[in-house]
Amino acid sequence: MKNSLKEIATGFNSLITGMRITIGQFFKPTVTVQYPHESLKMPERFRGHIELVRDPETGKAVCFACKLCERACPSDCITVEGAKLEGAKKRSVTHYVLDFTKCSLCGSCVEACRDGAIRYSHEYNLASTKKEDYIMDLFKRLEDERLAAEAAGQSFPPAAPVVAQASPSASSAGVSPGVPAHTPPKPLATEAPKVAQPNPEPSKPEVK
Amino acid sequence: MQAIQHFISAFWPEPLRLILFLVGILSFVGLNAAYLVWVERKGAARFQRRPGPTEVGYAGLLQPIADAAKLMSKQLIVPAGADTTLFRLAPLLMMSPALMSLAVIPWSRNLAACNLNVGLLMIFAFGSINVMAIMLGGWSSRNKYAIISAARVVSQNVAYEIPMLLVVITMIMVTGTMNLAEIVQHQAGPIWKWYFFRWDLNPLAPVTCLIFYTCMLAETNRAPFDMAEAESELVAGAYTEYSGMGFGVFFMAEYANILLGCALATVLFLGGWQSPIGNLLGSSQSVFGVLLGIFWFFVKMYFLVFSVVWIRWTFPRTQFYGLLNLSWKILIPVSLITLILSSAMIKLFHP
């Protein structure tokens with residue numbers, strides 16, 4: 001009798017405890033992310049597909065087509081072409097295509113790059129029904145972004161990428177997007193057409 | 001109020017009044033059954049820290065309508081070899097007792113579709129038809145899961161009918177009437193006049209209320225006693241073979257029965273339409289008083305409905321012997337004790 005009464009009491013107590021816990025959860029905010037309407041921001045070290053890093057001073061790609069990434073790629077999914085433009089000291093990239101259908105996201109290309117010219121993007125909404133959507137022209141993407149930003153009156157896209165091994169001048173230069181840069185727009189405006197269409201002049205690329 | 005009643009009785013003949021009440025009750029039950037599904041889904045979501053239905057209408061408010069449209073557009077399949085008549089009859093048998101019983105619930109002063117002198121008796125007389133409806137539904141669908149489930153439901157409901165009726169007998173002794181409106185009248189006044197707090201009449205009054213509530217959960221086949229539709233074991237229980245609105249009516253009937261059970265608990269223990277803070281806002285005889293009564297009734301009733309949802313999403317389903325143990329070893333002895341104690345109290349102190 002005593003035991004069964006004790007059992008009833010402890011059982012009832014545990015029921016009340018359970019209900020107290022659930023009502024506590026009831027009044028806490030929801031944690032759902034309404035996916036198509038909103039999505040999570042990927043953490044800084046998320047390893048998505050690669051993308052070209054922009055030089056915050058010129059607004060153009062840091063990459064100078066040394067082709068180390070192309071060689072490091074085990075799946076043969078990167079194609080890089082570069083050219084030496086008139087008046088430039090270094091070669092610059094003119095064509096950078098990532099075939100994401102073959103990419104296994106191993107990251108060898110980023111490891112191989114000595115100048116921090118490519119990095120992992122944070123993009124992950126990559127679903128598509130067309131295979132062509134996964135042949136990514138990263139160079140064209142970068143240039144389009146720059147042109148769009150120029151059209152919008154900014155010197156370069158507001159989200160200026162953080163260069164891993166930043167060139168010494170990058171830290172000192174005022175790279176805040178609000179500041180209308182005096183120097184960059186001009187050379188960009190003149191060079192843009194040339195750089196944006198690498199195909200018309202296929203004679204330029206020097207193959208190492 | 002008197003003037004309105006005279007007006008109604010002078011110009012609206014009895015049949016019209018009846019039709020009006022019937023339409024009112026039917027639409028009330030339909031609306032509640034539909035929107036309690038929404039409450040259930042929203043509540044379930046909140047208990048799991050999800051937002052619940054959000055897409056159809058503001059905060060998913062049109063979700064029940066979308067669900068109903070979907071269910072109605074589905075084909076009504078009668079399984080081969082099933083007893084067609086009984087198969088079709090079962091959902092109606094499940095729904096109609098709840099509808100009929102709600103007619104005698106006094107929603108506020110002088111506001112009951114049918115003020116029966118034996119209202120309580122009528123509710124429990126009709127309440128037992130539910131069991132038969134599930135039994136028929138399970139048996140006539142010629143499906144072994146449905147039959148097993150129906151057998152479970154019958155043994156569960158028989159087990160829980162006993163403590164429930166013992167509690168109700170206690171309440172009838174305490175109140176001295178089976179008229180629900182009179183039961184509420186007896187609880188007029190401050191909050192300690194509610195039968196939930198009447199220690200002097202029934203020393204175990206809160207326990208009695210708790211037993212009634214538990215039995216109500218079991219009778220309506222709600223979690224944690226949802227043996228009738230134990231999804232993980234019995235597909236959808238007795239409703240396995242039902243499709244479209246046949247299933248929908250069973251589903252609505254479940255919520256109508258919950259509504260009935262909560263309304264009954266409100267009337268018997270929580271003072272029905274009586275205000276817990278007394279009549280601060282003038283006479284309860286006026287139209288305003290009647291509206292206030294409806295308000296208090298709904299507050300209490302929907303709190304109980306919410307707690308049903310709360311319980312569902314807190315406790316896991318009991319095992320079957322646990323369920324029967326609870327009834328036969330705890331609820332029936334305790335309700336017998338309350339019966340004896342309260343009869344002694346009434347004999348000794350309130351002759």
Test: residue in segment B:45-55 that is within 14 Å of chain A (Cβ to nearest Cβ), over 27 Å from B:A146 (Cβ atoms) and of a type in the set (S, T, Y): yes
Looking only at segment B:114-129, and only at residues there that are modelled with pLDDT under 85 and not hydroxyl-bearing (S, T, Y), the one that is nearest to the chain's Cα centre (by Cα): B:G127
Unmet requirement for A:R45, which otherwise passes all of (1) exposed (fewer than 10 other Cβ atoms within 10 Å of the Cβ); (2) among the charged types (D, E, K, R); (3) within 13 Å of chain B (Cβ to nearest Cβ): (3)
Number of the exception - B:K74 against (1) basic (K, R); (2) over 30 Å from A:R20 (Cβ atoms); (3) within 14 Å of chain A (Cβ to nearest Cβ): (3)
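From the residues in segment B:113-126 that are small (G, A, S) and touching a helix residue (DSSP H, G or I) at 6+ places or on another chain (Cβ under 6 Å), which one is nearest to B:G237 (Cα to Cα)?
Of all residues in segment B:113-126, those small (G, A, S) come to B:113, B:119, B:125.
Keeping just the survivors that are touching a helix residue (DSSP H, G or I) at 6+ places or on another chain (Cβ under 6 Å) gives B:113, B:119.
On the way: B:A113: 34, B:G119: 32 Å.
So the residue we want is B:G119.
Assess whether A:T183 counts as being part of a loop (DSSP other than H, G, I, E, B), modelled with pLDDT of 55 or more and among the hydroxyl-bearing types (S, T, Y). So that I can check it myself, show each step before the final result.
Working: part of a loop (DSSP other than H, G, I, E, B): yes; modelled with pLDDT of 55 or more: no; among the hydroxyl-bearing types (S, T, Y): yes.
No: the conditions fail for A:T183.
So that you can scan it fast, the table gives a plain yes or no per residue for (1) acidic (D, E); (2) under 25 Å from A:D144 (Cβ atoms); (3) at pLDDT below 90:
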residue	(1), (2), (3)
A:G24	no, no, no
A:L40	no, no, yes
A:P43	no, no, yes
A:F46	no, yes, yes
A:E51	yes, yes, yes
A:C63	no, yes, yes
A:P74	no, no, no
A:K90	no, yes, yes
Among the candidates B:A256, B:A205, residue that is small (G, A, S) and within 14 Å of the chain's Cα centre (by Cα): B:A256
Answer residue from segment A:1-42, given it is more than 10 Å from chain B (Cβ to nearest Cβ) and of a type in the set (K, R) and is nearest to A:Y96 (Cα to Cα) among those: A:K41
Residues satisfying the stated conditions in segment B:317-337, i.e. without any contact (Cβ under 8 Å) to a residue 24 or more places away in the chain and either of a type in the set (D, E) or outside any helix (DSSP H, G or I) (or both): B:Q319
Subset of segment B:221-238 (residues that are more than 21 Å from B:Y321 (Cβ to Cβ) and either at pLDDT 80 or above or β-branched (V, I, T) (or both)): B:V235
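The values are calculated or read from the model by the stated rules, or taken from the named source; none is laboratory data. Bear in mind the structure is a predicted one, so any value in this text is a computation, not a measurement. A quick note on method: Cβ atoms are made from the backbone with ideal geometry, for glycine too, and the neighbour counts reach across all protein chains shown.
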